[in-house]
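Below you'll find the structure, written out as structure tokens, and then a few comments.
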Amino acid sequence: MTTLSVAHLGPTAYRDGLALQESLVRARAEGGAGDWLLYPDHPPVLTVGRSGSPGSLRSDPETLRRLGIEVFEVARGGDFTWHGPGQLVGYVICDLSKRGRDLRRFLRDLEGCLISALGEWGLAGEAVPGRTGVWVGGEKIASLGVAVRRWVSYHGFALNVAPDLGFFDLIHPCGLRGIQMTSLASKLGPAAPTLAEAREVVARNLAERLGHPAWRWETADEARRQAGVATTDMREPVRAALNHR
Amino acid sequence: MPISIVVPQLGESVAEGTVARWLKAQGDRVRKEEPLVEIQTDKINVEIPSPAEGTLSRILVAEGITVLVGTEIAQLLAPGEVAGATPGASVGASSAAPTSSAVSRPAPEPVAATQAAAAPAPAYASLVAPQGPSHGNGGTSLAEARNLSPAVRRIMREQGVGADELSVIRGSGIAGRVTRDDLLGYLAQRGARPAVAGTSAPGAPVPVPMPGPTPGPMPPASRAGYLAPQVAPAAGGPREEVIPFTKVRKLIAENMVRAKHTAAHTHCFDEADMSAIVALKREWSPKLEAQGVKLTYMPFFIKASVLALREFPWVNGEVKGETMVVKRYYNIGMAVGRDDKGLIVPNLKDCDRKNLVQLAAEVNDLATRARNDRLKPDDIMGGTFSITNAGVYGAINSSPVINVPEVAILGVHRIVERAVVRDGQIVARPMMNASIGFDHRVVDGELAVKFLRRVCELLERPELLWFYA
């Protein structure tokens with residue numbers, strides 16, 4: 001098993017994130033890329049997986065339009081979920097052929113990685129059989145939803161670090177009624193890790209859980225390059241950072 | 001003869017899957033490997049590719065229906081084959097039902113029994129390589145021990161689990177392989193017993209990690225590096241270990257001795273007020289990180305060194321016999337500690353032609369490749385000057401050894417808030433000691449001190465870049 005490459009993509013439109021994942025999945029299946037963990041920063045967005053039911057959406061299209069929230073239907077498992085600022089979204093591009101093509105074990109590994117990360121912050125996360133995701137004291141702190149194409153996984157997990165939990169009122173998260181969402185910030189207050197710290201800790205735990213001997217930070221450009229998507233030169237980050245202000 | 005499309009094995013504990021979506025309609029032509037259908041289990045959605053080129057002649061299971069693994073869900077006709085030639089002895093309720101029916105959510109029971117028996121259908125093999133616990137009782141041979149995951153091997157090493165002990169662990173992984181959880185479960189039990197696997201193989205004690213000069217097949221557990229903790233000596237076991245040098249260690253040893261024997265090592269020290277660089281880094285790290293570039297202090301040290309080297313070219317050189325070769329290119333080496341794998345000093349090429357962000361990206365790349373044994377020969381050749389940062393491990397000062405045949409090395413260290421006097425007032429400032437190790441044969445003390453002062457000055461007053469760059 002090789003090194004797990006980890007990249008923070010920075011601000012990423014949901015559509016662009018999806019396109020990058022799909023290109024990377026193709027490259028992974030064809031041997032042009034290794035296993036990747038991508039951290040996109042998505043603007044608020046609702047996505048619905050293949051087991052989505054219209055009843056899980058609690059808000060009308062007008063409200064969503066007013067809030068500037070787009071809804072995407074995606075080929076992952078699971079029902080409705082929300083992504084947005086303050087949440088650590090991790091796309092896991094992993095060749096499952098090299099891991100016995102065991103889907104459930106992969107899900108358990110994702111859960112396990114988040115649970116051990118939570119442990120490092122002193123939180124007892126748990127997996128609840130039949131309710132995939134990670135829970136802390138009966139409240140849901142992370143959601144999972146995975147897609148597999150040519151035995152390469154994509155999509156992944158969303159860990160609530162410090163999002164506005166009010167967004168989850170727009171839906172019945174994961175199609176579950178009466179479910180309480182929580183976050184690291186609500187559980188830990190000022191002791192909660194920053195997103196940057198969370199990225200580091202989760203990456204390390206994921207590499208360990210998936211049996212990678214090492215992991216390393218890569219640039220978003222390198223992810224795009226391996227995915228066969230055009231890259232920019234190194235002046236671009238500076239320009240983007242300047243425009244960011 | 002139509003090819004059956006079945007729900008493939010999706011994992012050891014996965015017995016059923018739901019047809020989430022047909023990506024092709026009945027009658028569609030499909031290419032080999034083209035996705036046919038999405039199957040969902042738990043929260044995973046899997047695309048099933050077509051095993052061959054042909055026409056999707058029949059869809060047997062409608063969307064939303066949950067079926068057992070191995071169930072035939074569609075049939076494919078090879079190009080030129082006539083539809084309906086063989087009715088395909090369909091079994092069970094769902095296969096009789098065409099696509100349109102059964103929109104209601106599935107009750108998996110009726111499909112169960114009959115189709116479970118049909119699991120190892122011949123077409124199944126063409127979709128997924130067969131796997132699973134067919135070998136039953138879970139014994140792990142030594143040969144299989146080589147297929148253990150790195151995590152398992154690491155735990156074995158840390159906990160002193162010998163390869164012979166593995167055989168008593170019941171493996172729940174593929175082909176009875178011992179997984180991390182199996183091993184941890186075993187260790188939790190073993191912990192109660194003080195002795196190391198005394199019961200399992202009384203004739204064979206824990207292998208003492210003392211491979212002789214002839215490199216016999218070492219068990220993977222003891223193939224650790226130079227400094228990694230080896231198997232903990234059992235009570236009464238050996239109190240010392242003899243570990244042969246690795247190839248890397250031999251090279252390091254030779255280089256260090258050559259450096260100390262040839263260069264007339266001398267050191268001098270200075271300090272820099274890092275307020276400006278700390279502020280710059282604090283402001284720009286998050287911005288650049290958002291763009292995927294991790295910013296450390298190293299690019300600043302490289303930049304400052306290159307500018308000072310341009311001013312004092314003699315420091316950027318090499319002794320060759322009784323000549324001094326002064327170099328007008330700036331390949332800056334950086335020492336990378338790699339725990340047990342040993343120090344290595346790859347260099348960044350042509351640093352004078354790169355901006356800070358490029359340097360930052362390349363520093364990260366070079367350091368990670370060094371740690372992962374992914375350096376190319378070119379990376380460690382052709383250096384002209386080196387920097388070593390003992391500060392990352394906590395040092396506040398050091399007298400570094402020159403990376404010969406270079407003639408000087410810059411030591412940078414931990415940045416510490418210290419009380420300093422500014423305009424008659426005692427104030428706290430982030431201070432850093434800097435040192436230079438130089439070959440006094442060719443670099444005079446005056447030159448070394450001036451060079452080091454300039455490096456510190458450039459760090460203290462980044463605006464000087466306007467004048468020097």
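Each reported figure results from applying straightforward, stated rules to the coordinates on display, with no laboratory input. This structure is a prediction, so every number in the text was calculated from the model and none was measured. Here Cβ is always computed from backbone atoms with ideal geometry, including for glycine, and neighbour counts include all displayed protein chains.
Structural remarks
- Here the gap between A:Ser97 and A:Asp169, fully extended at 0.36 nm per residue and compared with their Cα-Cα distance, gives a gain of 22.1 nm.
- Gyration tensor (alpha-carbon) shape descriptor, segment B:318-391, a/c threshold 1.5: oblate
- For segment B:62-73, putting each phi into the Karplus relation 6.51 cos²θ - 1.76 cosθ + 1.60 with θ = phi - 60° gives couplings of 7, 4, x, 8, 9, 10, 6, 4, x, 5, 6, 10 Hz, in residue order, rounded to whole numbers and with x for Gly and Pro.
- For residues of A:139-152, the mean tally of beta carbons on other chains within 10 Å: 3
- Rounded, prolate or oblate (a/c below 1.5 giving rounded, otherwise prolate when a/b exceeds b/c) for segment A:41-103 by Cα gyration tensor: oblate
- Gained length - B:Asp340 relative to B:Glu34, 0.36 nm times residue gap less alpha-carbon distance: 105.5 nm
- Virtual paramagnetic centre 7 Å along Cα→Cβ of B:Asp181, amide N under 15 Å, in segment A:105-121: A:105-116
- Take the Cβ atoms of B:Met324 and B:Ile396, set R0 to 30 Å, and the FRET efficiency comes out at 0.35.
- Relative contact order computed over segment B:349-469 (Cα-Cα under 8 Å; 6+ residues apart), in percent: 17 percent
- Built amide H within the under 5 Å cut-off of A:Phe80, gap 5+: A:Gly49, A:Ser53, A:Cys174, A:Gly175
- Amide H contacts of A:Leu9: A:Tyr39, A:Asp41, each under 5 Å away and 5 or more positions distant or on a separate chain (H built 1.01 Å from N in the peptide plane; Pro and chain starts excluded).
- Amide H to amide H, with H built 1.01 Å from N, B:Thr41 comes under 5 Å of B:Thr18, B:Val46, counting only residues 5 or more places away or on other chains.
- Chain A, relative contact order [Cα under 8 Å, separation at least 6], %: 27 percent
- Peptide ranges B:328-334, B:58-64 listed from the most packed, as the mean C-beta count within 10 angstrom indicates: B:58-64, B:328-334
- Under the span-like rule (Cα at least 18 Å along the axis, Kyte-Doolittle mean at least 0.0), DSSP H helices of chain A: A:103-120
- Residues in segment B:410-420 carry Karplus couplings, in order, of 9, x, 10, 9, 5, 8, 10, 5, 10, 7, 10 Hz; the curve used is 6.51 cos²θ - 1.76 cosθ + 1.60 with θ = phi - 60°, and Gly or Pro positions show x.
- Each of A:Glu73, B:Glu34, B:Glu322 has some number of other Cβ atoms within 10 Å of its Cβ, and from fewest to most they run B:Glu322, A:Glu73, B:Glu34.
- Under the Karplus curve 6.51 cos²θ - 1.76 cosθ + 1.60, θ = phi - 60°, whole-Hz ³J(HN,Hα) for segment B:303-319, x wherever Gly or Pro sits: 4, 4, 5, 4, 5, 5, 5, 5, 7, 10, x, 4, 6, 9, x, 8, 8
- Shown for B:Tyr186, A:Tyr91, B:Tyr468: other C-beta atoms within 10 Å of each C-beta, ranked fewest to most, produce the order B:Tyr468, B:Tyr186, A:Tyr91.
- Average beta-carbon neighbours from other chains, 10 Å sphere, peptide A:204-213: 3
- Sorted ascending by nearby beta carbons within 10 Å, beginning with the fewest, B:Met381, A:Met181, B:Met156 become B:Met381, A:Met181, B:Met156.
- Segment A:1-152: C-alpha gyration tensor shape, a/c 1.5 cut-off, then a/b vs b/c: oblate
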